[in-house]
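> First the structure, which I've put down as structure tokens, then a few questions once you've had a look.
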Amino acid sequence: MKELLLIGNGMSTGRLLDELLKYPVSSEFTITVVGDESEGSYNRTLLSPLLADEIDVDLLIKKPVSWYQQQGIRFIHGVAERVFRENKTVYLVDGQTLEYDHLILATGSRPAKTSSVNQHLDNIYNFRTLKDVLMIANKARVIQHAVVVGGGLAGLEAAYGLILRGANVTLVHRGDYLLNRQLDQQAGEGLRRVLEHHNIRFEMDCEVDSFESTGQVVQRAILTNGKAVSCHLVVIATGITPNKELGEASGLDCGVAIRVNDFMTSSDDSISAIGECCEHAGITFGMVEPIWLQCKILASKLAGKVITRFQMPAVATTLQVSGVDVFSAGDHTTTGAHRTLIFTDPASYVYRKLLLKKDRIVGIVLLGDTRDGQYYFELMQKRVNVSKVADILIFGRDFFDLESLLEANQFDRV
Amino acid sequence: MSELTAIDQVTSFPVKDVNTTCCYCGVGCGVIATIDEGQIVSIRGDKNHPANSGRLCVKGASLHETHHSPDRLLHPLVHGQEASWEQAFDYTVKKFQSTIDLHGADSVAFYLSGQLLTEDYYVANKLMKGFIGTSNIDTNSRLCMASAAAAYNRAFGGDIVPGCYEDLEVADLLMLVGSNMAYTHPVIYQRIVKAKKERPDLKVVVIDPRRTATCDLADFHLPIAPGSDAFFFNGLLFFLNQKNFIDQSFIDLYCEGFENALKAVTDQGADLTTMAGLCDLDINEMHQVYRLFAETDKVVTVFSQGINQSSTGVDKGNAIINCHLATGKIGRKGATPFAITGQPNAMGGREVGGLAHILAAHMNYDSEESVDRVARFWNASNMTAKAGRKAVDMFQDIYDGKIKAIWIMATNPAATMPNAGFVREALQRCDLVMVSDCIGNTDTAMYANVVFPTTTWGEKTGMVTNSERRISLQKGAIPAPGEARHDWHILTEFARRLGFGEAFPYQQSVEIFREHALLSGYENEGGRAFDISALADLSSEEYLNFQPVQWPVNEKYPNGRARLFEDKRFFTKSRKAYFVPVVAHFPQVRPKAEQAIMNTGRVRDQWHTMGRTGSSCKLFGHCDEPFVDINPLDMTKLGLQDGDLVELKNRGARYLGRAQKMIGQRRGEVFAPMHWNSRFSSSSCVDTLVNSFTDPYSGQPEFKHCPVNIKAYDAVWHGLILTSEEFNTGMKTDYWVKIPLPRGLKFRLAETRLPKSFSSWIKEQFPLIQDWAEFNDSDGDYFRCAGLVNGKLKIVFHAKRGKSAIDEHPWLDRKLNEPCNVTTRFALLAGQPGVAFEQKGRVICYCYEIGEKSIRKAILDGCDSTAALGERLKCGTHCGSCLSELNSLVKDELRAKNGITEVDKLI
């Protein structure tokens, strides 16, 4: 029996175990999971709906501690301190020593640090863990004004959740438009107009210089543009930093995160890394789809099955805010090499952009009406020639025959 | 002096049915209009009217939908500004009078219309010929029936249609020559369809260069070379003589001139082989048709504009009449030559004498006696004794400055005269242009100093005479809108102001009609066929309840006559019919290499320049855009696809239309519709191309044969704009055509240059609209947008680069002024409702709005005839105009079902 040791018990680990248990591995491996959150594995993508009060907390918990027992997996509530690669052991903070034949690092990430002064004040939270969200939800009931820092997906979802819980929200964003990693400027600005419609105020192009208070609880945020925004709750959602330290300290090759090859193997053959703590071909990960793929690849490798190489898949982004539909995939900013098909309807808060190269969709930006996102995504993934429907493609699949387009495409390839 | 009042102006209006007569073609159908609260709310055919026995075509059935033109003129216009009647009369009467004073009576002219009622015509004719003292009064009948009338005159000594509609039903052979009756006289066509169904022995021959919808009915279609009809009928006369089919005793007893006529034919050479070559016909088919004519006792030859609108139209008419005379096929039930008229009152106008070359009541200038008689009857103060200028010459005189004042009534010569561009220039030069019309912005009204607002069908009362000499009443039933007045009333007031009040005392139209009837019998003594003296003392009540009757209506025939010449007595001096020697000619100008011969004519559901029909969207369903029918091989040669825009040119004038692939169009020949004008299109007024060559006898122009240059229009983009009426400021593109919609207008556009940005191009034209949904393609192949005000759609614009038109979906046509949600906004730009919408297809039956898809489905479900379709879907059971199309669909589906794939596009 070989010892398979997993450090971290986030979504990647949960998924990897699911993938792994599809194979008859119990005769081959003893599996041990070390996790720092006692709840077991939960679905972090549902934190936003939780904050928005759209779901109950039990819906998040995917794998309670009892699940590990049922699967014959040892679950240890603890934190790894050090990996000794030469004798294949891991020390935990509490002094335990665990041996491994193969080690999987799934240490995830943590909120990125911001330079704002006085982040130690009470009622300033990150938007990262179940605990964060439960705290924020709890405080939102009693305060009037909240500041959210960061205009990415998490920040917008946090702001929206707070609005639904009755707070007045000001969102501070460093970029000049929202979701600048998923949208083009026009869509980002359109999104801002929609959210302003939902009573979220925005301070763009600036950061929080400092938080101020006469007591322990934060009272206002001083912005780099000179404005002062009063607040009794702050949510910081300015992105993530990969937790590469455990790997780095043990001498694994690291860039921004722990570098892995196409089979999720680190610079040490006995150690793999998946999820937000790893880096593949210069890219780190935050979205679910590529990480799921990593889990699948690693599971089949561990099971000794035929494996495919990891390649960054196209990823579609959606915003988890009901009534504010955003869909983005592939390229989002127009360059000279693109043909763009753009639908604008400001009065309806609808914006759609398809970016084409050589008659194939290479980018999708949808705002306000995302119904056709998945169809466009399919056309993009399958590299379907859309030149024949370029005049109506943007209006959605009600107006063109997707099936015949896909069929024609197959024929094309033959 | 107080102005006279027309007391037959309609003032009260309880709900009621009013018997009246349709205002469109020469069939003259009886119509029952239901009036509610001063509005015509529905229309149905009058079962008791002999012309139609309750049938109506789609135009007639839509009369009530054409009564609310947004361009209806409600007040007089002086120099384009609204003015009072007093101002309008004051200006025109002074100017008209001073023109006569300075330049003589021949410096003024009237140009009238076959749309006018007999009473209008009578007052105009009397005023000009008896009191102003000139015969410069001509009409658009010159463009339609002048040749037939002249041919009748030459042969019979009078402008007399010998037969009646019933003859068409009881004949054993019907020759339809130069007539697309299915479109131009649909109700008569339906009567023949019925007759042929009941009596399949009735043979129908269509002689027409085009394979028209009328050919559906034909046992033989002879696609004759354009303009060769006289050769065909000369050949027939030669054949009849050669094969001893002539009725020698009829000729001997009742005719003169046969030998000369035969000699002319023989000298020119008229054997079958030569004629078949000249007519470009299959010799066997031609021979069969000759034999049919020869061996059939009851033959009716119906001829229309294909004969008349020719530089040798009179000769062609006589060539036809000669064949009937030679075989005695005239003056009998089911045997007659029959010229069917285009306009509702072309014949009424001729009866009155409202043409430059005739005088009044079938009297001419050829005898001093006639002039004197009419002068005495009218007590004329300034009787003219000589003929005036016919239409084409009249406008030439205007151009040359000889005629300095013209009054145009109920017609649109700037769009309909040959070389219409020249007519526009002439009007531009003319000192005084007066126009009477119910529409204030016709192509002609644009050149008017003064426009008088007139009443129109439904508002005015007076007589019309149809193609079979049947006089019917058009009865006013609703009040005149605004300050509109009856034409006769305007003329009467004008005459009074010129100082002729005593001779023009009319207060009601019946007074005019009585005078007209009296004149027809005045010193007549049987010398003039047109005699309705029995109607000279009609009471007002009798007049308003007038029952249709065929003239003559006199002491001898108080109930009229269905047929003339039953007694074999004609109206020449000798009382014998006259054979006119006809030397056949082809049209003057032959096409040069690479040119095409352009033929022009009507479409089924439009009338003339669309003044009335153009306000009903339903009537655009059958055909909504100017087109050019082209033979498929010519299409290929010209590099054209079906639906591409094609450009026809002559003398610098140009016509743009959609190329339509037509197997039934001869090679080297094209057909273009006559209706479109500046109100509806940028460059599709076909008569600007037509040459003003005229017949030497009738003065009728050659509308059916015009060599033109033809090429594909080099559009770089096409557009589609739907806009609500209030935002319409007119289109600026090189090509545009306007199509009315239930709530707004549709424009199809094309251009030879791209705008810098479609987005700014359209927004500049609609600056008041803020709310735009827009689709931009960075390659510039496509642009689409929709503009809304308060959430309601006001404009949709689709543009597409390239040569082909925008795809259209009928769904979009009904969206203007509707509130639109997000999903609808996508659909507006997509131009279609999406997959959820089950399409019924292109509408075929407009009465019941039944679409092609529904019809095809019903056929597949077992409806194997138009009757079965009518039972299932009701299509074709109201006006019947779509029956020939329904029939084609049945054939089409059944052919497809039976595995035969070749489907000819016939229409």
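Here, each number is a calculation from the coordinates, and none is a lab measurement. Note that this is a predicted model, so its numbers are computed, not measured. Here Cβ is always computed from backbone atoms with ideal geometry, including for glycine, and neighbour counts include all displayed protein chains.
> Quick one: which residues, 5+ away or cross-chain, put their amide H under 5 Å from the amide H of A:R110? H built at 1.01 Å from N.
Long-range HN contacts for A:R110: A:T241, A:N243.
> Let me know the charge dipole size of segment B:705-808 about its Cα centre in debye, to the nearest 20, where only the beta-carbon of Lys, Arg (+1) and Asp, Glu (-1) is charged.
That gives segment B:705-808 a dipole magnitude of about 220 debye.
> Another one. Write down the radius of gyration of segment B:454-523 and its Dmax, each obtained from C-alpha positions, in Å.
In Å, with Rg to one decimal and Dmax whole: 13.7, 43.
> Just to verify a number: FRET efficiency for B:A868 and B:K711, C-beta to C-beta distance, R0 = 60 Å, to 0.05?
Numbers: r = 46 Å, r/R0 = 0.76.
It comes to 0.85.
> Right, here's the next one. What nm distance separates the two modelled labels at B:R814 and A:L134, each placed 7 Å from Cα along Cα→Cβ?
5.8
> Here is a further query. Over segment B:108-167, consider all pairs of different Cα atoms and compute the Kirkwood hydrodynamic radius from their mean reciprocal separation; express it in Å, one decimal. Please list the in-between numbers first.
Values: mean 1/r = 0.0765 Å⁻¹.
After inverting the mean inverse Cα-Cα distance, the result is 13.1 Å.
> Using every alpha carbon pair in the protein assembly as shown, what percent of pairs falls into each 10 Å bin from 0 up to the bin containing the largest distance?
For the protein assembly as shown, the pair-distance distribution reads 2, 8, 14, 16, 14, 10, 8, 7, 7, 6, 5, 3, 1, 0, 0.
> Here is a follow-up. Can you say what percent of the DSSP beta bridges in the protein assembly as shown, counting only those with both residues inside, are antiparallel? Round to 5.
Values: 132 of 215 bridges.
If I count the DSSP bridges inside the protein assembly as shown, around 60 percent turn out antiparallel.
> Please compute the net charge surrounding A:D101, taking Lys and Arg as +1 and Asp and Glu as -1 over other residues with Cβ under 9 Å from its Cβ.
On the way: positive: A:K2, A:K88; negative: A:E3, A:E99.
For residues surrounding A:D101, the net value is 0.
> Within straight cross-link reach of B:K94, meaning Cα distance under 13 Å, which aspartates and glutamates are found once same-chain residues fewer than 8 apart are removed?
Of all the aspartates and glutamates, those that pass the test against B:K94 - Cα under 13 Å, at least 8 places apart if same chain - are B:E86, B:D431.
> Sorted from largest to smallest, which semi-axis lengths in Å does the alpha carbon gyration tensor of chain B give for its equivalent ellipsoid, taking the root of 5 times each eigenvalue? Please list the in-between numbers first.
Values: eigenvalues 351, 253, 140 Å².
Square roots of five times the eigenvalues give 42, 36, 26 Å.
> With the radius of gyration and the Kirkwood radius both derived from the Cα set of segment B:475-596, what is their ratio Rg to Rh?
Working: Rg = 21.9 Å, Rh = 18.8 Å.
Ratio value, two decimals: 1.16.
> Mind listing which trypsin sites (Lys or Arg not before Pro) in segment B:375-407 are in a DSSP loop and have 15 or fewer other Cβ atoms within 10 Å? Each step should come with its number before you reach the end.
Working: sites: B:R376, B:K386, B:R389, B:K390, B:K402, B:K404; in loops: B:K386, B:R389, B:K390, B:K402, B:K404.
Counting only loop positions with at most 15 other Cβ atoms within 10 Å, the trypsin sites (Lys or Arg not before Pro) in segment B:375-407 are B:K386.
> Can you tell me, using C-alpha contacts under 8 Å and at least 6 residues apart, the relative contact order of chain B as a whole percent? Before the final figure, lay out the partial values.
On the way: 2094 pairs, mean separation 135.9, N = 907.
Result for chain B is 15 percent.
> Do any GluC sites (Glu not before Pro) in segment B:495-578 lie in a DSSP loop with no more than 11 other beta carbon atoms within 10 Å, and if so, which?
Working: sites: B:E502, B:E511, B:E515, B:E523, B:E525, B:E541, B:E542, B:E555, B:E566; in loops: B:E523, B:E525, B:E555, B:E566.
Listed in order of number, the matching sites are B:E525, B:E555.
> Here is a follow-up. Peptides B:354-365, B:144-155, A:295-306: what's the order by average Cβ count within 10 Å, highest mean first?
B:144-155, B:354-365, A:295-306
> May I pose another question? Taking beta carbons within 10 Å but only from partner chains, what does the mean come to for residues A:383-396? It would help to have the intermediate numbers written out before the result.
Working: counts 0, 0, 0, 0, 2, 0, 0, 4, 13, 10, 4, 8, 12, 5.
Per-residue shielding by partner chains comes out at 4.
> I'm checking a number: the convex hull volume of the Cα atoms of chain A, normalised per residue, in Å³. What is it?
Numbers: hull volume 68.0 nm³, N = 414.
Each residue corresponds to 164 Å³ of Cα convex hull volume.
> Continuing with the same structure: Quick one: pull the percentage of alpha-carbon pairs in segment A:238-334 with a separation above 20 Å. Write out the running numbers ahead of the final one.
On the way: 2047 of 4656 pairs.
Summing the P(r) tail past 20 Å for segment A:238-334 gives 44 percent.
> Distance from the Cα centre of segment A:140-195 to that of segment A:225-291, in angstrom?
Their Cα centres are 23 Å away from one another.
> Separate question: List the residues whose amide H sits under 5 Å from the amide H of B:D159, counting only those 5 or more places along or on another chain, with H placed 1.01 Å from N in the peptide plane.
none
> Under a point-charge model restricted to the Cβ atoms of Lys and Arg (+1) and Asp and Glu (-1), what is the dipole moment magnitude of segment A:252-308 relative to its Cα centre, in debye to the nearest 20? Before the final figure, lay out the partial values.
Working: 4 positive and 7 negative charges, 48 e Å.
Its charge dipole is roughly 240 debye.
> Here is a follow-up. Output the Cα-based Rg and Dmax of segment B:718-772 in Å, rounding Rg to one decimal and Dmax to a whole number.
Values for segment B:718-772 (Cα only, Rg and Dmax): 11.3, 33 Å.
> Between B:F586 and B:E37, 0.36 nm times their residue separation minus their Cα-Cα distance comes to what? Write out the running numbers ahead of the final one.
Values: separation 549, 0.36 × 549 = 197.64 nm, distance 5.62 nm.
Full extension from B:F586 to B:E37 adds 192.0 nm.
> How large is the helix-only mean residue ellipticity at 222 nm for the protein assembly as shown, computed as the sum of -39500 (n - 2.57) over DSSP H runs with n ≥ 4, divided by its residue count, in deg cm²/dmol to the nearest 500? Walk me through the numbers before you get to the answer.
Numbers: 38 runs with 360 residues, N = 1321.
Roughly -8000 deg cm²/dmol at 222 nm, from the helical runs in the protein assembly as shown.
> Given 25 °C and 0.890 mPa s, how large is the Stokes-Einstein diffusion coefficient of segment B:593-736 in µm²/s, with Rh as the Kirkwood radius over Cα pairs? Working shown, then result.
Numbers: Rh = 16.0 Å.
Once the numbers are plugged in, D ends up at 153 µm²/s.
> Now for a different question. What is the set of long-range amide H partners of B:G744 at a cut-off below 5 Å, with H atoms built 1.01 Å from backbone N?
B:E725
> Okay, next question. Would you calculate the convex hull of the Cα atoms in segment A:27-82 and tell me its volume per residue in Å³? All intermediate terms of the calculation are to be shown ahead of the outcome.
Numbers: hull volume 5.9 nm³, N = 56.
Roughly 105 Å³ of hull volume per residue.
> Hey, another quick one. Rank-order B:465-478, B:193-206 by packing density, defined as the average count of other C-beta atoms within 10 Å over each peptide's residues, highest first. Could you put the intermediate results ahead of the total?
Details: B:465-478: 25.2, B:193-206: 16.3.
The packing order, highest mean first, is B:465-478, B:193-206.
> In sequence order, what are the phi-derived ³J(HN,Hα) couplings for segment B:64-81 according to the Karplus relation 6.51 cos²θ - 1.76 cosθ + 1.60 with θ = phi - 60°, rounded to whole Hz, with x for glycine and proline?
Values, residue by residue: 5, 8, 10, 9, 10, 5, x, 9, 4, 8, 10, 9, x, 10, 10, 6, x, 9 Hz.
> Next up: Report, ordered by chain and residue number, the lysines lying within cross-link reach of A:K227, taken as a straight Cα distance under 27 Å and ignoring same-chain residues fewer than 8 apart.
Partners within reach: A:K113, A:K139.
> Additional query: In whole percent, what relative contact order does segment A:132-273 give with Cα contacts below 8 Å and a gap of six or more residues? Please report the intermediate quantities before stating the final value.
Numbers: 251 pairs, mean separation 31.7, N = 142.
Contact order relative to length: 22 percent.
> Write out the GluC sites (Glu not before Pro) in segment B:31-90 meeting two conditions: DSSP loop, and at most 12 other Cβ atoms within 10 Å of their Cβ. Display every interim value, and only then the final one.
On the way: sites: B:E37, B:E65, B:E82, B:E86; in loops: B:E37.
The qualifying sites are B:E37.
> Starting from the 7 Å offset along Cα-to-Cβ, what nm value, one decimal, do you get for the label separation of A:H77 and A:E37?
1.4
> Scan chain B and note any complete DSSP helix (H) whose C-alpha atoms cover at least 24 Å along its axis and whose Kyte-Doolittle average is -0.5 or more.
Working: long enough: B:85-103 (26 Å, -0.68).
Going by DSSP H runs, there are no hits.
> Computed FRET efficiency, Cβ-Cβ of B:L74 and B:H103, R0 41 Å: what is it to the nearest 0.05? Kindly include the intermediate steps, with their values, before the conclusion.
Working: r = 34 Å, r/R0 = 0.82.
Given R0 = 41 Å and the Cβ-Cβ separation, E is 0.75.
> Now for a different question. I need to check one value: relative contact order of segment B:463-534, counting alpha carbon pairs closer than 8 Å and at least 6 residues apart, in percent.
Working: 40 pairs, mean separation 12.1, N = 72.
Rounded, it is 17 percent for segment B:463-534.
> Please compute the Kirkwood hydrodynamic radius over segment B:250-356, one decimal place, Å, based on all pairs of different Cα atoms.
With all distinct Cα pairs of segment B:250-356 included, I get 15.9 Å.
> Could you check the simple spin-label distance between B:S760 and B:E725, using points 7 Å along Cα→Cβ, in nm with one decimal?
Computed distance between label sites B:S760 and B:E725 equals 3.4 nm.
> Next up: With r as the distance between the Cβ atoms of A:V117 and A:D253 and R0 = 41 Å, compute the FRET efficiency 1/(1 + (r/R0)^6) and round to 0.05. It would help to have the intermediate numbers written out before the result.
Details: r = 36 Å, r/R0 = 0.87.
It comes to 0.70.
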